[in-house]
Amino acid sequence: MTAPEHAVRAAVDAAYRDEWGQVVATLIGLTRDWDLAEDCAQDAFAAALATWPRDGIPSRPGAWLTTAARNRATDRLRRDTAGNAKLRQLAILARDQGEPPVGEIPDDRLRLIFTCCHPALPFEARVALTLRTLAGLSTAEIAKAFLTAETTMAQRLVRAKRKIAEAGIPYRVPPAELLPERLASVLAVLYLIFNEGYSDQDSRRALTAEAIHLARVLARLMPHEPEPLGLLALMLLNEARRASRTDDGVLVTLEQQDRSRWDRALIAEGVAVLDQALAMRRGGPYQVQAAIAACHAAAPDTASTDWPQIAALYAELARMAPSPVVDLNRAVAVAMSEGVPAGLALVDELARSGRLDGYYLLPATQADLLRRDGRTAEAQAAYEEALRLAPSEAERRYLTGRLNDL
Amino acid sequence: MKYVLLICDDETRSPSKEELKADPTHQAWEADLERRGVELFGARLRPTAAATTVRSRNGETLVADGPFAETKDFVGGVVVVDCADLDEAIEIAAGHLYAQWGSVEIRPVWE
């Protein structure tokens with residue numbers, strides 16, 4: 001029962017995407033040794049490439065890979081005297097060596113993701129560990145995605161794994177009383193991965209796909225929690241607009257985006273996922289943000305957008321997760337629904353508070369509202385201030401264009 | 001009188017347990033303690049990279065990685081606990097009165 005080379009390659013690639021996290025999670029569950037787990041998972045995928053052309057592609061690649069990785073771990077621990085205690089643990093499962101387990105393999109990925117995102121780990125380590133162990137990105141790929149030297153990223157991963165072992169971070173899904181706080185950390189990590197990919201046009205694009213994949217897994221593993229669905233919906237709705245966000249390296253604002261380029265299938269899926277979350281009737285910041293994105297996605301243009309609804313949603317978001325950036329977005333929605341002066345008053349209030357000092361979108365928003373109100377001279381000064389603070393070329397080009405149009 | 005000695009350094013050297021054991025000065029110090037019969041409890045702590053800081057504010061437990069950065073806090077006591085894992089240690093730390101206005105730094109003992 002041989003299989004052609006290209007079919008094996010495709011099957012292994014698919015398995016890598018779908019099963020890597022599961023294989024690593026199961027191996028960590030068995031051995032508590034993160035490095036061993038990664039090495040053995042790597043070996044199992046190499047073994048698949050070597051033997052599947054001869055033996056055929058197994059009917060359950062995940063089970064095959066988990067068994068292969070587990071056998072590899074058993075071999076390695078047998079050679080290591082200190083591995084004996086771990087081996088006894090493994091022996092229980094090694095009895096059915098060579099065959100896929102009878103029942104379903106328990107999904108350990110949830111334990112893995114909560115451990116990777118434990119609040120006792122530095123935030124950037126949570127992100128790196130999640131991408132390495134769950135998504136299967138190499139250290140070099142993660143380093144490239146975060147514009148860090150590979151040695152720095154390798155250090156970060158080593159330190160994080162060491163802390164998990166030395167500080168005694170448990171490998172488990174937290175109990176109910178800790179769940180809201182711990183889940184918030186998991187969601188923040190996934191959203192950061194998405195945004196890192198989203199802010200970049202080409203080189204780091206794969207990160208958004210990884211984040212969406214991980215959000216799908218999380219939502220499937222926690223079917224009774226609305227916020228993972230809310231996050232997934234938010235990612236899908238943002239991803240749908242990606243192609244229209246820049247034009248030749250220049251930022252295009254929502255108002256001027258070519259809405260015919262928005263991905264309708266992603267929008268439909270995002271809205272359906274959001275509805276599923278909202279039906280649970282337990283609100284949360286990701287559901288609210290997804291609802292705002294859905295309002296934009298549903299509107300044919302800026303003028304017919306439901307701005308009063310968006311302003312109300314931002315007010316709700318500000319209550320759940322207070323932030324000056326949310327207040328700034330609310331001010332824009334108020335300007336669009338109640339008129340520019342009402343919005344400008346909110347922006348000016350924010351400026352006086354000093355909470356957004358140095359943030360380029362504050363003067364950029366002021367400039368935009370002043371322009372709409374016909375206050376050209378003031379708008380020009382505000383655009384110049386924004387230009388001075390803008391973090392990237394795409395934004396600077398956009399602001400320069402605006403300034404020239406005045 | 002009972003005293004707690006807080007052994008401090010900047011972690012640049014961080015000798016291994018074996019190196020420490022083989023160090024003549026350290027051997028002499030341990031022998032001296034034994035001769036005096038004064039040691040109630042002693043523990044070497046893992047470096048601060050393994051530390052976790054817990055604060056309780058308005059009933060909410062705030063967990064941060066690493067030692068408490070604002071060093072205006074001074075050590076006002078030491079409690080040694082032996083519990084299941086970091087989550088249990090966090091739970092215990094969060095319940096301490098001082099966690100409500102100060103912080104409790106959790107440092108695993110180097111065993």
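The values are calculated or read from the model by the stated rules, or taken from the named source; none is laboratory data. Keep in mind the model is a prediction, meaning the values are calculated, not measured. With ideal geometry, Cβ positions are generated from the backbone for all residues, glycine too; neighbour counts draw on all protein chains shown.
In the range A:165-262, which helices (runs of 4 or more DSSP H) lie fully inside it and hold 3 or more residues that are within 14 Å of chain B (Cβ to nearest Cβ) and either surrounded by 17 or more Cβ atoms within 10 Å (Cβ to Cβ) or basic (Lys, Arg) (or both)? I'd like the intermediate steps shown before the answer.
Values: elements: A:179-198, A:206-221, A:226-240.
Result: A:179-198.
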Top-ranked residue in the range A:135-164 [being basic (Lys, Arg) and more than 9 Å from chain B (Cβ to nearest Cβ); ranked as surrounded by the fewest Cβ atoms within 10 Å (Cβ to Cβ)]: A:LYS144
Some residue of the range B:39-47 being modelled with pLDDT under 80 and of a type outside the set (A, V, I, L, M, F, W, C): yes
Exclusive hit being farther than 23 Å from A:ARG156 by Cβ, without any contact (Cβ under 8 Å) to a residue 60 or more places away in the chain, within 14 Å of chain A (Cβ to nearest Cβ) and exposed (fewer than 14 other Cβ atoms within 10 Å of the Cβ), set B:GLU111, B:GLU91: B:GLU111
Qualifying residue in the range A:327-335 (condition: in a helix (DSSP H, G or I), in contact with a Leu (Cβ under 8 Å, 6 or more places away or on another chain), closer than 20 Å to A:SER199 by Cβ and of a type outside the set (A, V, I, L, M, F, W, C)): no
Where a residue in the range A:39-57 is in contact (Cβ under 8 Å) with a residue 40 or more places away in the chain and its partner, wherever it lies, is surrounded by fewer than 17 Cβ atoms within 10 Å (Cβ to Cβ) and assigned to a helix (DSSP H, G or I), with Cβ under 8 Å and at least six apart: A:LEU49/A:ARG9; A:PRO53/A:GLU5; A:ILE57/A:ALA7
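If a residue has to be assigned to a helix (DSSP H, G or I) and in contact with a Cys (Cβ under 9 Å, 6 or more places away or on another chain) to count, how many in the range A:270-310 make the cut? Write out each step before concluding.
Of the residues in the range A:270-310, the ones assigned to a helix (DSSP H, G or I) are A:270-278, A:285-298, A:307-310.
In the following step, the residues that additionally are in contact with a Cys (Cβ under 9 Å, 6 or more places away or on another chain) were identified as A:307, A:309-310.
Adding up the residues that qualify gives 3.
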The range B:1-30 - residue that is of a type in the set (Lys, Arg) and part of a helix (DSSP H, G or I) and, of those, nearest to B:PRO67 (Cα to Cα): B:LYS17
Members of the range B:31-55 found to be part of a loop (DSSP other than H, G, I, E, B) and within 11 Å of chain A (Cβ to nearest Cβ), listed by number: B:ARG46, B:PRO47, B:ALA51
Where a residue in the range A:327-349 is without any contact (Cβ under 8 Å) to a residue 60 or more places away in the chain and its partner, wherever it lies, is hydrophobic (A, V, I, L, M, F, W, C) and not in a helix (DSSP H, G or I), with Cβ under 8 Å and at least six apart: A:LEU328/A:LEU356
Criterion violated by A:TYR398 - all others in (1) touching a helix residue (DSSP H, G or I) at 6+ places or on another chain (Cβ under 8 Å); (2) part of a helix (DSSP H, G or I); (3) buried (at least 17 other Cβ atoms within 10 Å of the Cβ) satisfied: (1)
Matching residues in the range B:36-70 - criterion: being hydroxyl-bearing (Ser, Thr, Tyr) and crowded, with 17+ Cβ neighbours inside 10 Å: B:THR52, B:THR53, B:SER56, B:THR61
